[in-house]
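Read-outs throughout are calculated quantities, based only on the coordinates presented, and are distinct from any laboratory measurement. It should be emphasised that the depicted structure is a prediction, and the values quoted were computed from it without experimental measurement. Because the Cβ atoms are built from the backbone with ideal geometry, glycine has one as well, and the counts that use them run over all protein chains shown.
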Amino acid sequence: MSNTIVVGMADYKVGKAPDKLMTAGLGSCIGICVYDTLAGAAGMAHIMLPSSNGNLQGNLAKYADTCLEMMLEDLYKLGLRKTRLKAKMAGGAQMFSFKGKVPQLKIGERNAEAVERELKKHGIPLLAADVGGTFGRTINFDIKSGELHIRTINHGEKVI
Amino acid sequence: MKIPAMRLEALKEIGNIGTGNAATSLSALLQTRVNMEVPKVWLVPVENLEKALGELDAIRVVLYLKVEGDAPGKAVFVFSLSSAQAIVQTLLRTPEPPDLFANELAQSALQEVGNILVSSFIVALSQFSGVNLQPSVPALGIDMIGAMIDSILLEEGKIDENVLIIDTTLTGLEGVQGSFLYFPEGGALDKLLGVFGI
């Protein structure tokens, strides 16, 4: 039997095949999956902001840098080897724009860049990404196959 | 973090005055009596937003306005798809429910509703507290509620550990269910409540 492990906002979870990991309603947030299909284990994070900027108080799962570090620790505890880890990500949209306003921070885009940078820092290859756009995403990761299923309201479904 | 009871009461009262005024405007616009319930004031940890919003990927229609001035914040109206359709239908008197994704007239009618609701909310707040506030032009979104709210909250590239929400339910209009959320910015609370010496 396979269960679906739900990852909330500013949260991360790890799991083993044949379970699935899912997180719902990603806007400018990003869902990061780090996995090893051979070992049959994976982690999923729902991050909100690029960096903790060294502020180590409160919920550290909301930042790309600190969250990835915590999730990797947990994955190593499950016996995963760093050299075999791979990653996929989705999210980082810009949901609203105001006409004639000063350029916004484009936090979705910055989140995606931050995740890429942090993965590189840990030497984990990013195999696929579905980021940007102006729409929300719900993602479901199959730990066994390593497939990331992405659902939207009006922009179709895809698997990366 | 906890909000002292007196501040909580004051916030409810402010919410009451604002939403009362907004309900009156909406009633006039739709020519139907619309009520707004006494607002709930929540202080929600970010990771529990789901409890306040419901299913994060449920489809919702959102009208989002920024409130600028001395005590800035964000105002968000949340309607179900069918509720938004019913509002537009009442407003435009069309025989069929409009396609909100494609119908531009329906979209601008909704934005106008957002404009009127938030303006009347803000005017009441401003008059009551003497604090200068101006709403922006509304942005319309039809998508997953979690995705829209996260973008709204994260727009400035930061988020507090806890989000303060003034949450009001709209009632009275048949087939319409909606809520009005107000997110005051960090310092805005002191500004608003400071006027009353709380």
Hz values of 3J(HN,Hα) by residue in the range B:100-105 - Karplus curve (6.51, -1.76, 1.60), Gly and Pro given as x: 5, 6, 10, 7, 5, 5
Highest-fluctuation residue, A:120, A:62, A:86 considered, GNM on chain A with Cα pairs under 10 Å: A:120
Within the range A:4-159: Cβ-based charge dipole about Cα centre, in debye rounded to nearest 20 (Lys, Arg +1; Asp, Glu -1): 160
Acute angle (nearest 10 degrees) that the helix A:107-121 long axis makes with the longest principal axis of chain A, alpha-carbon atoms: 30
Rounded Å value of the spacing that divides the Cα centres of the range A:11-54 and the range B:96-144: 35
√(5λ) per eigenvalue of the Cα gyration tensor, the protein assembly as shown, largest first, Å: 38, 24, 16
In degrees, nearest ten, helix B:145-154 long axis to first principal axis of chain B (Cα): 40
Exposure proxy order (Cβ contacts within 10 Å, fewest to most) of B:55, B:96: B:96, B:55
Degrees separating the helix A:64-77 axis from the principal Cα axis of chain A, which is the longest one: 10
Projected label distance in nm at residue A:83 and residue A:56, using a 7 Å step from Cα toward the beta-carbon: 3.0
Whether the range A:30-160 is rounded, prolate or oblate, judged on the alpha carbon gyration tensor where a/c under 1.5 counts as rounded: oblate
Averaged over A:7-16, number of beta-carbon atoms from partner chains that fall within 10 Å: 3
Computed over chain B, the ratio Rg/Rh where both radii use C-alpha atoms and Rh is Kirkwood: 0.95
The range B:127-132 - phi-based ³J(HN,Hα) in whole Hz, Karplus 6.51/-1.76/1.60, Gly and Pro as x: 5, 5, 9, x, 8, 7
Unsatisfied cross-links (Cα-Cα over 18 Å) in the set B:12/B:51; A:20/A:82; A:20/A:88; A:88/A:158; A:62/B:191: B:12/B:51; A:20/A:82; A:62/B:191
Separation of alpha-carbon centers, the range A:120-160 and the range B:1-65, rounded to whole Å: 33
Footprinting exposure proxy for B:176, B:123 (fewest neighbouring C-beta atoms within 10 Å first): B:123, B:176
Exposure proxy ranking, count of Cβ atoms within 10 Å, fewest first, for B:180, B:121: B:180, B:121
Hits among aspartates and glutamates - C-alpha to C-alpha of residue B:66 under 20 Å, sequence gap 8 or more where chains match: B:112, B:143, B:150, B:155, B:156, B:160, B:167, B:185, B:190
